[in-house]
1. Return the only residue of B:L272, B:L285 being over 19 Å from the mean Cα position of the chain (by Cα), under 18 Å from B:T353 (Cβ atoms), assigned by TED's automatic domain parsing to the domain that holds B:I318 and modelled with pLDDT under 90.
2. If B:K20 meets every condition in (1) within 30 Å of B:T191 (Cα to Cα); (2) crowded, with 19+ Cβ neighbours inside 10 Å apart from one, which number is that one?
3. Mind checking which residues of the range A:25-37 are more than 11 Å from the chain's Cα centre (by Cα) and outside any loop (DSSP other than H, G, I, E, B)?
4. Take the residues in the range B:326-365 that are in a helix (DSSP H, G or I) and of a type in the set (F, W, Y), then tell me which one is nearest to B:I234 (Cα to Cα).
5. Take the range A:54-68 and flag every residue that is assigned to a loop (DSSP other than H, G, I, E, B) and more than 8 Å from chain B (Cβ to nearest Cβ).
6. Among the residues of the range B:208-225, write down those that are part of a helix (DSSP H, G or I) and surrounded by fewer than 20 Cβ atoms within 10 Å (Cβ to Cβ).
7. Go through the range A:80-116 residue by residue and tally those that are in contact (Cβ under 8 Å) with a residue 60 or more places away in the chain and either among the acidic types (D, E) or over 12 Å from B:K10 (Cβ atoms) (or both).
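The values are calculated or read from the model by the stated rules, or taken from the named source; none is laboratory data. Keep in mind it's a predicted model, so treat the numbers as computed, not measured. Ideal geometry is used to build each Cβ from the backbone, glycine not excepted, and the neighbour counts take in all protein chains shown.
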Amino acid sequence: MNSQKMISTRDLTKTFGDFVAVNNITFDVRQGEIFGFLGANGAGKTTAMRMLCGLSIPTSGEATIAGYDVYKETEKIKQNIGYMSQKFSLYEDLTVAENIRFFGGIYGLKNGEIKARSRELINALDLNDQKDLLVGSLPLGWKQKLAFSVAIFHHPKLVFLDEPTGGVDPVTRRQFWDMINQASEDGITIFVTTHYMDEAEYCDRISMMVDGYIRALDSPAQLKKQYNAESMDEVFYELARGAKRTE
Amino acid sequence: MKQLLAFIHKEFLHVFRDPKTMLLLFGLPIAQILLFGFALSNEINHSNVIVIDYAKDVASRSIIEKVRASENFDLYDVLDDHHMIEEVFKRGETKMAIVFPSNFNEDLVHGGYTEVQLITDASDPNTATTLVNYFNMLLLGYQSEMYQDQQMPMNIQLSLRNIYNPELEGTTNFVPGVMALVLLLVCVLMTSVAIVKEKELGTMEILLVSPFNPFMVIISKVIPYLFLSIVNLIVILALSVFVLNLEIAGSIILLFGVSILLILAALSLGILISNVTNNQQTAMLISLMGMLLPTLMFTGFMFPIENMPKFLQVISNIIPSTWYYIIVKNVMIKGLGFESIWKESLILAGMTTFLLLVSIKKFKIRLS
């Protein structure tokens, strides 16, 4: 098992009846990488990501996450990954501190650890005055940053971010990406889906999914060169316009 | 274990922070008990009664005068014979008929003993009982007045005949009924909504991605509501005893035991409902339609099961609250022990186990 590979898939496929949502995708994500997982709506990104998180069983193919098999070792995988879904997913009727404590608790962290880490987290996010406010009363940008911090609270090896910056303003998006970079420097591998092409530029490598297939996979610079494009926008357009599936 | 505690703590926070949940949880049972209690046992004024007077003597006339004067009764008619009674009852124009036998006064004065027959429409058992009690008071009043200038004590006995519902079913029966209703409704509604809410908000995904065992998700949803339902049960029983003056005849431990069985069945149903739906409104609707209606219709606390068509009687057998209602009625009102309800308890326990197993099996560990 190659420990350098955080994610490794071979011909991973998921079908729902006749519909092939994810079609024989094969790719690797190296440890410490920021990997952008791009594709139009309905291309199969979310389905692929769910298989990698152990939320959905693949129809065929192989995949290992942090060296663990997605069929047999889902429990081990769950210990080692963090996940931030595209819906905001903290409890709005709990306070900032209570949310942190709860998620620390279900990942089995010790009380002392939870306390120390939440102090750190609240300081880092500058939420000292808000820690006893209900999460529902915070602005969206803060919620998203908090959700990300909670997703990596248990120090996973790998974190999945499903369109983490949907609906937030450009300044917050920028700050959010600073946090992602920081996490990456701390050794956490980042697997992120996004619709913002400027964000794609921040990734080390990106893959493009079209109709269930991975059509391209390389660094942003290489992709632009390959498609003779000025920006990632053009690359995306070039690849996605042939798509048959739309939502 | 620590994970579980963190989760249960969180569940309690959800409940205590939401005024609507709190209202439903504790307001509903209190409202139900008081509403049913007082709506059914309220004072009755100016209720139509008819009198059939075969005696036409001093005693019968003075009693009729008392009836006429009473706030509780309105004398609808005085008839000479009883052939008309049924007609009047059928038209719903009276709830009670008072029949004086011939030689009423004579038997009373010389024999010291006579009878008045009361015929009540017991399709509304509470009204029937209340009217009988009123008339009894009136008779006692008459007797003590007469007693003062009589040597011999007089004794007028009531001979009761309830028509339409001879067993007077329903007098105290609504408390077990409300218990079944409230426990089912609260538990099914609360759990299904609590789980569906997590799906709707997207937090279920986060929980399923975490190493927290999905089975534990069920347990942590069930424990807080089990606890709150027991609190609810205590409230209902306390209200019945202290506000409605209902005595609990049988064993309280037995009562709690079977109630926990029903609560667990209801919680499992809640989990099952949460499996088939993804939004709170649907969950709420299924819980209400699926729980409230069958419980109202089939437990027998509103409509006697014996009077239902055969196939509805068969359906009533598959509803857990039907069995619970029988058990609670026997334990709480008749004061019977375990030996007389073990069969029903076994059926209820079987249903609970079945529902619990199915709900755990069906609980979706994965999203697709």
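1. The match here is B:L272.
2. (2)
3. Selection gives A:I25, A:T26, A:F27, A:D28, A:V29, A:R30.
4. First pass over the range B:326-365, keeping only residues in a helix (DSSP H, G or I): B:326-333, B:338-340, B:342-362.
This time we only want the ones that are of a type in the set (F, W, Y), so: B:338, B:342, B:354.
Working: B:F338: 21, B:W342: 23, B:F354: 27 Å.
Result: B:F338.
5. Matches in the range A:54-68: A:P58, A:T59, A:A66, A:G67.
6. Pass one, the range B:208-225, residues part of a helix (DSSP H, G or I): B:208-209, B:214-225.
Matches in the range B:208-225: B:P214, B:F215, B:M216, B:I219, B:I223.
7. Going through the range A:80-116 one residue at a time, the tally reaches 7.
Yes/no matrix, rows are residues, columns are (1) closer than 19 Å to B:K329 by Cα; (2) buried (at least 21 other Cβ atoms within 10 Å of the Cβ); (3) out of contact with any strand residue (DSSP E or B) (no Cβ under 8 Å at 6 or more places or on another chain):
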site: B:F256; (1), (2), (3): yes, no, yes
site: B:I271; (1), (2), (3): no, yes, yes
site: B:Q280; (1), (2), (3): no, no, yes
site: B:L285; (1), (2), (3): no, no, yes
site: B:T299; (1), (2), (3): yes, yes, yes
